[in-house]
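Okay, structure first, notes after.
The values are calculated or read from the model by the stated rules, or taken from the named source; none is laboratory data. This is a predicted model, so every value here is computed, not measured. A quick note on method: Cβ atoms are made from the backbone with ideal geometry, for glycine too, and the neighbour counts reach across all protein chains shown.
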C-alpha cells in the first residue's frame, strides 16, 4: 500500500506551488494532498502562527486516514519538521527541502529588513516578487506559484515565529526517516551537514541545476525523489510491522 503524501508550501506562496507533483503523483495513483498554511493561499487574512501551521499539517494527515510522508519546502520544511517532532505517530516519513539552514537571529534579521522595505511599497512588493518568479522559473512553474497568490503581508509574522525554532533538536527527536533535498545553488543549504547528522535516520540529496525552488526548477526529478522516499518509508513501516508480529 502506498504511503499518502502531504505537501507544505513555502513563505508567501500556497498549495498551488505543488501542482507538478500533485499531477505526476496523482497520475501514479498516489494519495496526495497540499495544504495552505495560515495567512497563505485560501487562508490569507488569517494570522500566521507556528502552532496553527503545525495543526494544519496534522489535520491534513488525519484527513487521509493514516500516517503520511510529509513534504515541505523552505518555510514548509520548518513547519513539517515541527509537525513530525510534535506528533511522530502521524508522520511516517519526512522530506525537508530547501530548509537546511538554522533560523537563528542573524539569519532572521537578514530577511526581516527586506520584508520591512517591501511593506513600504504601494503593493507591498507584489509586482517585484511576481517578476522574480517569472524571471527565475519556467513559465508553467511560475504560473503554478502565482495562481495561488503571493501573501506579501505575512513576511514579518512568519520570520518572528520561526526565528527561535530549534530545528536540530526537533530533528533529533523525530525517530522516522528524513530525506533532506536541496538544490545545488540553494543558499538555504549552509547547515545541511548539521541537519543530516541530527537525524536519527537521515539522508541528504543535492539536486543539480536547481536553486531554492527545487520542486519547480527540477519537477520531474524532485517528484521521482519524493516517490522514492514514500516507497522507502512504506518498506520501513512494513519491516517494522513484520518485526513486531514475529516478536509477539
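Considering only the stretch 1-15, how many residues are more than 13 Å from the chain's Cα centre (by Cα) and either assigned to a helix (DSSP H, G or I) or crowded, with 20+ Cβ neighbours inside 10 Å (or both)?
Initially, the stretch 1-15 is screened for residues more than 13 Å from the chain's Cα centre (by Cα), giving 1-4.
Filter once more, keeping what is either assigned to a helix (DSSP H, G or I) or crowded, with 20+ Cβ neighbours inside 10 Å (or both): 3-4.
Of the residues in the stretch 1-15, 2 are more than 13 Å from the chain's Cα centre (by Cα) and either assigned to a helix (DSSP H, G or I) or crowded, with 20+ Cβ neighbours inside 10 Å (or both).
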Check: Which condition number does residue 71 fail, the rest of (1) modelled with pLDDT under 95; (2) closer than 19 Å to residue 186 by Cα being met?
Finding: (1)
Check: Can you name the condition, by its number, that residue 66 falls short on among (1) in a strand (DSSP E or B); (2) surrounded by fewer than 24 Cβ atoms within 10 Å (Cβ to Cβ)?
Finding: (1)
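For the stretch 135-179, list the helices (runs of 4 or more DSSP H) that sit wholly inside it and hold at least 3 residues that are under 25 Å from residue 195 (Cβ atoms) and touching a helix residue (DSSP H, G or I) at 6+ places or on another chain (Cβ under 9 Å); which are they?
Numbers: elements: 139-146, 155-162, 167-173.
Ranges flagged: 155-162, 167-173.
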Next item on the list: Go through the stretch 23-55 and give me each residue that's surrounded by fewer than 20 Cβ atoms within 10 Å (Cβ to Cβ) and assigned to a helix (DSSP H, G or I).
Entry: 23, 24, 26, 27, 42, 43, 51, 52, 55
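Look through 96, 101, 86 and report the one residue that is modelled with pLDDT under 95 and within 20 Å of residue 50 (Cα to Cα). First the steps, then the outcome.
Details: 96 fails: modelled with pLDDT under 95; 86 fails: modelled with pLDDT under 95.
Going through 96, 101, 86 in turn, the sole match is 101.
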Check: Right, residue 158: within 16 Å of the chain's Cα centre (by Cα) and at pLDDT 95 or above or not?
Finding: no
